[in-house]
Amino acid sequence: MHQTLNTTLLIIGGGPGGYVAAIRAGQLGIPTVLIEGQALGGTCLNIGCIPSKALIHVAEQFHQTHAHSQHSALGINVAPPTLDITQSVAWKDGIVDRLTSGVAALLKKHGVKVIHGWARIIDGKTVEVDGQDLRVQCEHLLLATGSSTVELPMLPLGGPIISSTEALAPTHLPKRLTVVGAGYIGLELGIAYRKLGVEVSVVEARERILPTYDSELTQPVAESLKKLGITLYLKHSVEGFDSTTQSLKVRDPAGEPLALTTDQVLVAVGRRPRTQGFNLEALDLKMNGSAIAIDAHCQTSMRNVWAIGDLSGEPMLAHRAMAQGEMVAELIAGKQRRFEPVAIAAVCFTDPELVVVGKTPENVQQEGLDCIVAQFPFAANGRAMTLESKSGFVRVVARRDNHLILGWQAVGVGVSELSTAFAQSLEMGACLEDVAGTIHAHPTLGEAVQEAALRALGHALHL
Ligand SMILES: Cc1cc2nc3c(=O)[nH]c(=O)nc-3n(C[C@H](O)[C@H](O)[C@H](O)COP(=O)(O)OP(=O)(O)OC[C@H]3O[C@@H](n4cnc5c(N)ncnc54)[C@H](O)[C@@H]3O)c2cc1C
């Protein structure tokens, strides 16, 4: 006999989508159960956003200290540093633990019942938990199972072939690492490993790094890879790994075979919605490619079955999952909501960082919109100079007729923090004059935002 638990809302998956939905539902007084098979916080807190940014920070500190030990224009003289990667990983794990226990505490505070175990769908209102004599019966089922790493058939994970998960918890550093895939995850980790002293190569099938962004924007990142000594193999396809010679077999653009000797291969070719292994088939939901199809309310094709986050496709970003989760809880509570953000910021924590929010010059051209595109270089920004960084720029895209801002892009040191101002200006329907007329604190990188707007109006002050 199964023990049955009744609830209003049942959430499968405790990543940023699921746990935020649960917290908001708890705040709104909705009886909520959340089932999580691994650790609360999901990919984001445990093996994604947070661990990667922690490792990037360690790498940057090590790299800077090393640079000062060689030659310091700043007048700092230090001995060459050494690295205790076990301690670095322990520090990163400490942050993850603090955040995941924080999530557990918030769920408890808001009265959410958390069940640790793997959920298995019976029907749209019934879920059982594997290995536990437990069934949960609900009015609303929220699917938030996230995504998993895309594997390449010729490079099965195991041994020297690793995914981002293993790369974020190294027990030792390899001498040489080859990254397959020059998207944001591959480059963030590739750059971090290089700064930690590893010889890094990147193999990419397309002709550019970060192929989803325009080449003007990615140029400063490409230059930085060169400066860091990362070898790029663009337009190269991967054929497999030869363990006897410890080499990655690739084909160059002319079709000639090439063997890249390496100790580890990091496969970073993307992520796919996690739709397998929990009997999702039982619901026969409408799909959108490999993702679950949802409408502007995150409703699936079955009434009272909702889907959010990576499971619902691109953009697979933690902040989108959280915003969807919050909205679904509010809809279930009877509030009027739609998921219609003007823009969702995408940030690459590469060196330099890159941000895209809203429409790009290419987008507006394709849509036939008459727009002004203007950019302001960090080479003319005092704060950037004090941060020893002059590469990159802020770019604005605005309608020519009424100056409504449609998009922002930036590349440069620390620009991830500008994503907030960019997203706010778009959501608030700001015009160029609004940003140009706002007094921006000096000296900040944000002044480049104001100057880009001024330049679009034809009168940048510091250029
Ligand atoms: C290396 C890396 C770096 C990243 N960096 C960033 C970044 O800087 N910024 C950003 O916005 N995004 C980043 N992401 C993406 C981000 O992690 C995801 O977009 C986000 O975690 C998606 O949230 P989610 O709630 O949809 O799913 P997930 O976080 O994947 O959570 C899903 C949860 O569901 C659980 N689950 C699945 N199936 C079941 C089941 N049957 N029963 C019980 N539990 C189940 C899983 O165990 C998991 O905990 C990164 C990802 C990676 C891999």
Suppose each label sits 7 Å from its Cα in the direction of the beta carbon; what would the Thr386-Asp93 distance come out to in nanometres?
3.9 nm
Distant-in-sequence amide H partners of Ser301 (H built 1.01 Å from N, under 5 Å):
Lys286
Shape verdict for region 298-412, please, from the Cα gyration tensor: rounded (a/c under 1.5), prolate (a/b greater than b/c) or oblate.
prolate
Residues whose modelled amide H sits under 5 Å from the amide H of Cys371, counting only those 5 or more places away in sequence or on another chain, are Arg400
Just add up the charged neighbours of Leu177: K/R +1, D/E -1, any other residue whose Cβ is under 14 Å from the Cβ of Leu177.
0
Solvent-accessible area per residue, Å², over region 161-269 with all protein chains present [probe radius 1.4 Å]
43 Å²
Between the alpha-carbon centers of region 408-463 and region 178-223, tell me the distance in whole angstrom.
27 Å
For the chain, what class follows from the C-alpha gyration tensor (a ≥ b ≥ c being the square roots of its eigenvalues): rounded when a/c is under 1.5, otherwise prolate if a/b is larger than b/c, else oblate?
oblate
For Arg206, enumerate residues with amide H under 5 Å from its amide H, sequence gap 5+ or separate chain, H modeled in the peptide plane.
Lys235
Charge dipole (debye, nearest 20) of region 161-269; +1 at Cβ of Lys and Arg, -1 at Cβ of Asp and Glu
220 debye
Mean separation of Cα pairs under 8 Å and 6+ residues apart, divided by the residue count of the chain: what relative contact order is that in percent?
15 percent
Applying a 10 Å radius around every beta-carbon, put 10-16, 330-336, 264-270 in order of their mean neighbour count, most first.
10-16, 264-270, 330-336
Taking only protein heavy atoms and a 1.4 Å probe, what accessible area per residue, in Å², does region 346-456 have with all protein chains in place?
43 Å²
At 1.4 Å probe size, with the rest of the protein present, what percent of the exposed accessible area of the chain is carbon and sulfur atoms?
52 percent
Neighbours of Asn402 by Cβ distance under 13 Å: Lys/Arg at +1, Asp/Glu at -1, summed charge -2
Provide the net charge surrounding Val364, with neighbours chosen by a C-beta distance below 15 Å and charges set as Lys +1, Arg +1, Asp -1, Glu -1.
-2
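The values are calculated or read from the model by the stated rules, or taken from the named source; none is laboratory data. None of the values given here were measured: they were computed from a predicted structure. In this analysis, Cβ positions are derived from the backbone assuming ideal geometry, glycine residues included, and neighbour counts consider all displayed protein chains. SASA here: full protein model, heavy atoms, side chains in, ligands and nucleic acids out. Shrake-Rupley method; radii C 1.70, N 1.55, O 1.52, S 1.80 Å.
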